[in-house]
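Read the structure below first, then the notes.
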Amino acid sequence: MKKKLFFRKKHDEKMARQPITNDTIEEHRSEVLAKGLRFRYPLQYEKHKIVINATVISVLLAVALLVLAYVGLYKMSNYSDASYGIVKVFPLPVAEVDGEKVLYSDYLMQLRSSIRIVERQEGAASLEDKSKIEYYKRQSLDNAIVNAYAMKLAKELDIKISREQIDEAFKERRKVGNVEISEKKFLTDIVEGDYGLTKSEYERMVIEIPLIRQEVLVRIDEAATELKDGLDARLLKDGSNFDEVVEQFGEEVVVESSGGMVDVMNLDGGRAIKAHGLEVGQVSAPFLSNSGDCYYFVRLSEKDDTKVSYVSVKIPLMELQRRIETFRVEGKIKEYIKIDFGSQT
């Protein structure tokens, strides 16, 4: 062994002393490569080990994130920015109705918007009552379930909403008091400020889905459509006797009042906005509520730049609701989150 080491040492010293020339460069190159071979296999082994460790860590992190997401979404029914970001990327279901998946993103989009509007109108302190949050969760989920079923019926009935219809409705909503505000101001003050939505989210939640739902309701609820047309014809003929005409329809319609002056952006199915575009004493044409569950007629009582007082006539659209109630009884609605507030559908 000593001889070997002595020979290698002498050989290395010889190579170190030997000048590198064109004649000796190949010998020197072979010597260097031979020395490097002893590091080859250990390095390959280390690289293999690094790949395995990295894979294991990645899998564990992915599992941990999935568990956290599952707990946050399905156990805690969290509506934070992070939760909303997840469901916008991944089409996770929050419920199921008659075999149709209810998108978690649609549910959170409406819930977060409702909470944003309440915060703007009443202040964040008004939401410290947990039962109030649960109420809005229940309301948003029920509405998302009805919307999902309406979207299913729309496919079956071949009902589609064009880009032109959405653009026209968006332009119409930019009119406040018959004055059209700029798109930039509308997006900043109303869409982002009041609703807390992006333009595409606003178009889907406030325009596209309600328009589809409206078309579905018109197709399937013939009784309500006939009642709406009959009342519309009477009011066009004798709108000055609004109270008398409405009274003749008895329990088939519901008369409601705003209860005084309310904000134009009041959460009332679109009645305040519609009333603000009328003259005092004028009665609107029938229109579908923002939630898509009834027709409204509105008579303006009083208004200023930002508030209105009105009386409205409501014609419930019950066919879609009746089907949803039947599905609940038959167990065809499954909810994947728990909300501590009774179902309203």
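Enumerate by residue number the GluC sites (Glu not before Pro) in segment 285-345 meeting two conditions: DSSP loop (anything except H, G, I, E, B), and at most 15 other Cβ atoms within 10 Å of the site's Cβ.
Here the GluC sites (Glu not before Pro) that fit, given the DSSP loop and packing criteria, are Glu330.
Taking 0.36 nm per residue of separation and subtracting the Cα-Cα distance, what length does fully extending Ala64 through Leu127 add?
Once the chain is fully extended between Ala64 and Leu127, it gains 19.6 nm.
Where nothing but the Cβ of Lys and Arg (+1) and of Asp and Glu (-1) is charged, how large is the charge dipole of segment 223-317 around its Cα centre, in debye to the nearest 20?
200 debye
Which of the aspartates and glutamates could be linked to Lys101 by a straight reach, that is with a Cα gap under 12 Å, when you skip same-chain ones fewer than 8 residues away?
Leaving aside aspartates and glutamates fewer than 8 places away in the same chain, those within reach of Lys101 are Glu335.
For Ile50, Ile333, which order do you get if you count the other beta carbons within 10 Å of each Cβ and list the fewest first?
Ile50, Ile333
Once Lys and Arg get +1 and Asp and Glu get -1 on their Cβ, which of Asn290, Leu317, Gly260 lies farthest toward the positive end of the dipole of segment 223-317?
Value computed over the given set: Asn290.
Hey, which of these cross-link pairs are over 26 Å Cα-Cα: Lys130/Lys171; Lys88/Lys274; Lys88/Lys338; Lys132/Lys185?
In this structure, Lys130/Lys171; Lys88/Lys274; Lys132/Lys185 exceed 26 Å between Cα atoms.
Counting only residues 5 or more places away or on other chains, whose amide H sits under 5 Å from the amide H of Leu92 once H atoms are built in the peptide plane?
Tyr104, Ser105
Taking θ as phi - 60°, what are the ³J(HN,Hα) couplings along segment 211-221 by the Karplus curve (6.51, -1.76, 1.60), each to the nearest whole Hz, with x for Gly and Pro?
Per-residue couplings from phi come out as 5, 5, 4, 4, 4, 5, 4, 4, 6, 9, 10 Hz.
Since every read-out is calculated from the coordinates, none of them should be taken as a lab result. Remember, predicted model here, so these are calculated numbers, not experimental data. We place every Cβ from the backbone using ideal geometry, glycine too, and count neighbours over all the protein chains shown.
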